[in-house]
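Visitor: Next up is a structure, given as structure tokens.
The values are calculated or read from the model by the stated rules, or taken from the named source; none is laboratory data. Just so we're clear, the structure is a prediction, and the values are computed from it rather than from any experiment. When we count neighbours, we look across all protein chains shown, and the Cβ atoms used for this are built from the backbone with ideal geometry, even at glycine.
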2 protein chains.
Amino acid sequence: MGGNKPEEAAREGEDASKKALKKQQKDAKKIAAKAERQAQLQSVQQDAANEEDISVGKYGQPAMIQSVDKHKDRKFTHVQDLNPNIAGQIIWLRGRLHTSRAKGKQCFLILREQSYTVQGLVAVNDEISKQMVKFASNITKESIIDVEATVKTVAKIESCTQRDVELHIKQIFTVSAAKAQLPLLIEDASRPVKAEESEGLNIKVNQDTRLDNRILDLRTPANQAIFRVEAGVCKLFRDVLTKKGFVEIHTPKIISAASEGGANVFTVSYFKGSAYLAQSPQLYKQMAIAADFDKVFTVGAVFRAEDSNTHRHLTEFVGLDLEMAFKYHYHEVVETIGQMFTEIFKGLRDQYAAEIKAVSEQFPVEPFTFLDPPLRLEFHQAISLLAEAGVTIGPEDDLSTPDEKLLGKLVKAKYDTDFYILDKYPLAVRPFYTMPDPRNNGTSNSYDMFMRGEEILSGAQRIHDPDFLIERAKVHNIDIEKIKAYIDAFRFGCPPHAGGGIGMERVVMLYLGLDNIRKTSMFPRDPKRITP
Amino acid sequence: MGGNKPEEAAREGEDASKKALKKQQKDAKKIAAKAERQAQLQSVQQDAANEEDISVGKYGQPAMIQSVDKHKDRKFTHVQDLNPNIAGQIIWLRGRLHTSRAKGKQCFLILREQSYTVQGLVAVNDEISKQMVKFASNITKESIIDVEATVKTVAKIESCTQRDVELHIKQIFTVSAAKAQLPLLIEDASRPVKAEESEGLNIKVNQDTRLDNRILDLRTPANQAIFRVEAGVCKLFRDVLTKKGFVEIHTPKIISAASEGGANVFTVSYFKGSAYLAQSPQLYKQMAIAADFDKVFTVGAVFRAEDSNTHRHLTEFVGLDLEMAFKYHYHEVVETIGQMFTEIFKGLRDQYAAEIKAVSEQFPVEPFTFLDPPLRLEFHQAISLLAEAGVTIGPEDDLSTPDEKLLGKLVKAKYDTDFYILDKYPLAVRPFYTMPDPRNNGTSNSYDMFMRGEEILSGAQRIHDPDFLIERAKVHNIDIEKIKAYIDAFRFGCPPHAGGGIGMERVVMLYLGLDNIRKTSMFPRDPKRITP
């Protein structure tokens, strides 16, 4: 940022005009190419006319759909619903051309709709001309097509999800053509990750190619499923909490001050001044509690200006946050959160079995295990478990990421659960607003929760007394003036409360046993990526 | 922003140290005052001891709740649930001291829990000492207190929501004390807006005082209700769409390029470069459609760097966005959105009647009316209606805000609905990606939706063909290079689709008939406000 904007703009201007020129040349070429294609099409149509094309009007590329015709009588069947019970019926279907293979006087194609595929056949016969077969075989992969077809039973087709039927196509039209050269093929991007990857010549698509071409990548069955599971996690989170009396709130992302000192915060230019992007909705959740909403949750973007290039960090992610007033003990809140996770895991298992299966077909993993009620361990127990395994942690040390991973394995071996709560962290490793445990010097009323050995929630009883908050901030050498607004939030009476923040993409990644958080963020943001 | 940061920092440092000094002095005073209060309390307790206080242990300010005791046997009753059927029972209750009034040997107080209030009485008797009454009468307003009390039936108490019972208090403890001087009183902030505001000496609380002290302001019954209705709008939006097969997605807020030219966009410093805050999730919703998700919605923050200081503009608001592939006509989408609104309005009416009533008690308004199915007018019909009322609009002009307001009144008078769809806007007034209506030169396949005469949704069929998109962008003099990523999203086959973006706070404001959008944003952001 800063002073040299005019030059930059000028340079950008030059670049832009050069690029614009190139672009125009390119466009001109494209338009020429298109004109040629259309001419070819016309000539094919001409040929057809010359050769008395018996299929005229039954194939082609109609005008772009601009909402002229309602076709109210035309009912579409979904690929998912094709089965031998409707054999003999004539149906309409809109899908993508997944693959095609011309073979003499016939063309086999695979039609795909979301995660489902079916085989289609266009073959020269009394009603179908060779021009029509040629047209079908020239449709580019990933184009969207409308077909009218007769459903026929067939011997097992291994390459499709609908194995017992195929479609004998009577009409075929291109609704939206894909360009001929694709940066990746759905087939390649969908290929299962196998244990023995060394064998075979299978093309793999690397992560950056996937993310650069996310629109194509997202069309794989696994991705179609991952983002449905993700929608499920959010829905279950909200539904479970709403049923428990929580109120959904929305907290601002643009904030005037970075509450915890300003490290790792993005700066925003705000009219003539500047502002920050919120690292968490915590202050606002707590204000909602101080404002008598009693139990609140919020789902929204959270920003971290951390230059971490790992499998589990994003610079922007979705926070599932909750905060709850309690009567006497923060375990009232820990139990509520624990129950919530149990209900989310049950909901996923019961309502998203097909999606979980679709993901595991590409990315094999052990099914997620959990206990009901969930396992709660105290920090000292974790230290003992690690000590038994030969890892020494001091009573006031935090766990490193490898410690957490190992602990996850030890807990899984001992208790057979992929989810557990780790309670009573050392006070020294938690933020200043964490309530100390008065009975146990050096520990605090705080907790993390883990899935498959990785942290997915961090939370605590918060200090609700302004004077004590000041005392604790001083211990942490925090400038009281900078957190004045936060402290003042507790001067008008505030119930004791606790809560936590959950990384949504981490929950989905770990539940499905995926290896990278970029797989569970539809358009991930990291220090090196802000496109597409 | 810019070059003079070191000086600023130094100056800030100085200011900070001065402030810190002041603060320390202030703190010292406060601590002294607190010590004095505690000394007084002790002396009261001493007096009590001297005078054989029969209520020792039944009142006071216990230690801050730090989760030592679980009090598992103590069940709390909610103020809302107090009624004559439980007369005679002894209950525990946690609430705020709304008001109190000492009167000889007794103290009347009103206890408040969220939107509900009940009268309490502490009176000297066999079990209750005058020291205890004095303690009760000294509790500051808005403090959170625990009381044990006998429920008694009573003649109508007009000043409370629970009119037929009062509480005879046996024990009373302060859980969290509010400071003595409050910047606003809940009573004042809750006072109904009356038609004849001239009469009386009622204290009113102005908007800025409310927003500066939002924690207190949010405690009014109307605000408790407004944000529950808001949660309801979001829940209904999601539930209705989920039932219709929509998938929830999350779109990035940090983006690399401002898709519509860069006006009104906030800039973010992003590591060594810069980025922008998304003005809408539109590109991403459309990419999800191109990626075969078929029907998607997203709920999230949307940013507008517009220096608009009006009753209906925010710089950050919650967008309820949806996008949907259709088969042949965008009215498939318009009908879906229309049905969705009908279901939201029905859901609010049926499930949030108490909240709607609570809001209208402070802010009286005509109940919201709607038709099922909703009214759809075309733009030329709107022009005719306005012409009949003496307002002339050209066929290619947009409607001004006053035109819209007037039109809302005319539509209400003619059709008795506060919600309607205005379809087929002039092409000239819509963004470049809007699909023109091929049968009707100059019009487009686009629509706005209105509540009480204000726009709450804007939407359209989007152009899904990359070449046509380029053609239209050129007509709008848009630099094609700058929207390359957007155009490229349609090169791999994309179904025809339409959608819309809804301003969540506007829907709540207009449904409830409120006069300012700041009333429906919990922590509103405008060009002049980014705190609290």
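Visitor: I'm checking my understanding of the structure. Among residues of the range B:453-466 that are buried (at least 21 other Cβ atoms within 10 Å of the Cβ) and more than 12 Å from every other protein chain (Cβ to nearest Cβ), which one is farthest from B:Y425 (Cα to Cα)?
Guide: So, considering only residues that are buried (at least 21 other Cβ atoms within 10 Å of the Cβ) and more than 12 Å from every other protein chain (Cβ to nearest Cβ), the one farthest from B:Y425 (Cα to Cα) is B:I456.
Visitor: Output the residue which, of all residues in the range A:371-402 that are in a helix (DSSP H, G or I) and either touching a residue at least 60 places away in the same chain (Cβ under 8 Å) or within 27 Å of the chain's Cα centre (by Cα) (or both), is surrounded by the most Cβ atoms within 10 Å (Cβ to Cβ).
Guide: In the first step, residues of the range A:371-402 are kept if they are in a helix (DSSP H, G or I); the result is A:379-388, A:401-402.
Now restrict to residues that are either touching a residue at least 60 places away in the same chain (Cβ under 8 Å) or within 27 Å of the chain's Cα centre (by Cα) (or both): A:379, A:401-402.
Working: A:F379: 24, A:T401: 12, A:P402: 10.
So the residue we want is A:F379.
Visitor: Which residue out of A:I487, A:I530 is more than 29 Å from A:P402 (Cβ to Cβ), out of contact with any helix residue (DSSP H, G or I) (no Cβ under 8 Å at 6 or more places or on another chain) and within 11 Å of chain B (Cβ to nearest Cβ)?
Guide: Details: A:I487 fails: out of contact with any helix residue (DSSP H, G or I) (no Cβ under 8 Å at 6 or more places or on another chain).
The unique qualifying residue is A:I530.
Visitor: Identify, please: which residue in the range B:467-480 is under 24 Å from B:Y447 (Cβ atoms) and part of a helix (DSSP H, G or I) and is, among those, nearest to the other protein chains (Cβ to nearest Cβ)?
Guide: Taking the range B:467-480 as the starting set, the residues that turn out to be under 24 Å from B:Y447 (Cβ atoms) are B:468-469, B:471-473, B:475-476, B:478.
Subset that is part of a helix (DSSP H, G or I): B:468-469, B:471-473, B:475.
Numbers: B:F468: 6, B:L469: 11, B:E471: 10, B:R472: 12, B:A473: 12, B:V475: 15 Å.
Across the range B:467-480, the extreme among qualifying residues is B:F468.
Visitor: Also, I was wondering about something else. Could you please find all residues in the range A:413-433 being assigned to a helix (DSSP H, G or I) and either closer than 15 Å to A:E455 by Cβ or among the hydrophobic types (A, V, I, L, M, F, W, C) (or both)? Break it down into steps so the answer makes sense when it comes.
Guide: Pass one, the range A:413-433, residues assigned to a helix (DSSP H, G or I): A:413-415, A:427-429.
Within the range A:413-433, A:A413, A:L427, A:A428, A:V429 qualify.
Visitor: So in the range A:121-164, with the set limited to residues that are among the acidic types (D, E) and in contact (Cβ under 8 Å) with a residue 40 or more places away in the chain, which one is surrounded by the most Cβ atoms within 10 Å (Cβ to Cβ)? Write out each step before concluding.
Guide: Looking only at the range A:121-164, we keep the residues that are among the acidic types (D, E), and these are A:126-127, A:142, A:146, A:148, A:158, A:164.
So of that shortlist, the ones also in contact (Cβ under 8 Å) with a residue 40 or more places away in the chain come out as A:126-127, A:142, A:146, A:148, A:164.
Values: A:D126: 5, A:E127: 11, A:E142: 26, A:D146: 20, A:E148: 16, A:D164: 16.
Among those that are among the acidic types (D, E) and in contact (Cβ under 8 Å) with a residue 40 or more places away in the chain, it is A:E142.
Visitor: Out of everything in the range A:344-367 that is in a loop (DSSP other than H, G, I, E, B) and in contact with a Leu (Cβ under 8 Å, 6 or more places away or on another chain), what residue ends up being nearest to A:S115 (Cα to Cα)? Walk me through it before giving the result.
Guide: Here is the first cut: in the range A:344-367, the residues in a loop (DSSP other than H, G, I, E, B) are A:352, A:363-367.
With in contact with a Leu (Cβ under 8 Å, 6 or more places away or on another chain) added as a condition, the list becomes A:363, A:365.
Working: A:F363: 15, A:V365: 20 Å.
Only one residue fits best here, namely A:F363.
Visitor: In the range B:285-297, what count of residues is obtained for those that are surrounded by fewer than 24 Cβ atoms within 10 Å (Cβ to Cβ) and within 10 Å of chain A (Cβ to nearest Cβ)? Let's see the steps before the verdict.
Guide: First, the residues of the range B:285-297 that are surrounded by fewer than 24 Cβ atoms within 10 Å (Cβ to Cβ): B:286, B:294-295.
Among the residues that remain, those that are also within 10 Å of chain A (Cβ to nearest Cβ) are: B:286, B:294.
Adding up the residues that qualify gives 2.
Visitor: OK, next. Check A:R210, A:R238 and return the single one that is within 8 Å of chain B (Cβ to nearest Cβ) and modelled with pLDDT of 95 or more.
Guide: Details: A:R210 fails: within 8 Å of chain B (Cβ to nearest Cβ).
On inspection, the qualifying residue turns out to be A:R238.
Visitor: Another question, then. For A:G513, all conditions in the list (1) modelled with pLDDT of 95 or more; (2) on the phi < 0 side of the Ramachandran plot hold save one; what is the number of the exception?
Guide: Failing condition for A:G513: (2).
Visitor: Checking A:R439 against (1) in contact with a strand residue (DSSP E or B) (Cβ under 8 Å, 6 or more places away or on another chain); (2) at pLDDT below 95, which single condition isn't satisfied?
Guide: (1)
Visitor: Also, quick follow-up: With respect to B:D208, determine if the residue is assigned by TED's automatic domain parsing to the domain that holds B:E113 and charged (D, E, K, R).
Guide: Details: assigned by TED's automatic domain parsing to the domain that holds B:E113: no; charged (D, E, K, R): yes.
So B:D208 fails the test.
Visitor: Does B:A325 satisfy being touching a strand residue (DSSP E or B) at 6+ places or on another chain (Cβ under 6 Å), touching a residue at least 24 places away in the same chain (Cβ under 8 Å), facing chain A (nearest Cβ under 10 Å) and of a type in the set (A, V, I, L, M, F, W, C)? Working first, answer last.
Guide: Working: touching a strand residue (DSSP E or B) at 6+ places or on another chain (Cβ under 6 Å): yes; touching a residue at least 24 places away in the same chain (Cβ under 8 Å): yes; facing chain A (nearest Cβ under 10 Å): yes; of a type in the set (A, V, I, L, M, F, W, C): yes.
Yes, satisfied.
Visitor: If you go through the range A:76-98 one residue at a time, do you hit one that is outside any strand (DSSP E or B), within 11 Å of another protein chain (Cβ to nearest Cβ), under 35 Å from the mean Cα position of the chain (by Cα) and modelled with pLDDT of 95 or more? Quick ask: steps written out before the conclusion?
Guide: First, the residues of the range A:76-98 that are outside any strand (DSSP E or B): A:77-89.
Filter again for within 11 Å of another protein chain (Cβ to nearest Cβ), leaving A:78.
Next, only the ones that are under 35 Å from the mean Cα position of the chain (by Cα) stay: A:78.
Next cut, modelled with pLDDT of 95 or more only: A:78.
Checking the range A:76-98: at least one residue is outside any strand (DSSP E or B), within 11 Å of another protein chain (Cβ to nearest Cβ), under 35 Å from the mean Cα position of the chain (by Cα) and modelled with pLDDT of 95 or more.
Visitor: Applying the selection to the range B:305-316, what residues are more than 9 Å from chain A (Cβ to nearest Cβ) and either surrounded by 21 or more Cβ atoms within 10 Å (Cβ to Cβ) or not basic (K, R) (or both)?
Guide: Residues of the range B:305-316 more than 9 Å from chain A (Cβ to nearest Cβ): B:306, B:308-314.
Within the range B:305-316, B:E306, B:S308, B:N309, B:T310, B:H311, B:H313, B:L314 meet the criteria.
Visitor: Still on this structure, I have one more. Given the residues B:G120, B:G57, which is the only one that is touching a strand residue (DSSP E or B) at 6+ places or on another chain (Cβ under 8 Å), under 16 Å from B:F173 (Cβ atoms) and not hydroxyl-bearing (S, T, Y)? Can you show your working first?
Guide: On the way: B:G57 fails: touching a strand residue (DSSP E or B) at 6+ places or on another chain (Cβ under 8 Å).
Result of the check over B:G120, B:G57: B:G120.
Visitor: Please find, among B:R525, B:R506, the residue that is more than 19 Å from B:M324 (Cα to Cα), modelled with pLDDT of 95 or more, under 20 Å from the mean Cα position of the chain (by Cα) and within 7 Å of chain A (Cβ to nearest Cβ).
Guide: On the way: B:R506 fails: within 7 Å of chain A (Cβ to nearest Cβ).
The match here is B:R525.
Visitor: Also, quick follow-up: For the range A:434-452, indicate whether the set of residues that are assigned to a helix (DSSP H, G or I) and in the same structural domain as A:G503 (by TED's automatic domain parsing) is non-empty.
Guide: Taking the range A:434-452 first, the residues assigned to a helix (DSSP H, G or I) are none.
There is no residue in the range A:434-452 that is assigned to a helix (DSSP H, G or I) and in the same structural domain as A:G503 (by TED's automatic domain parsing).
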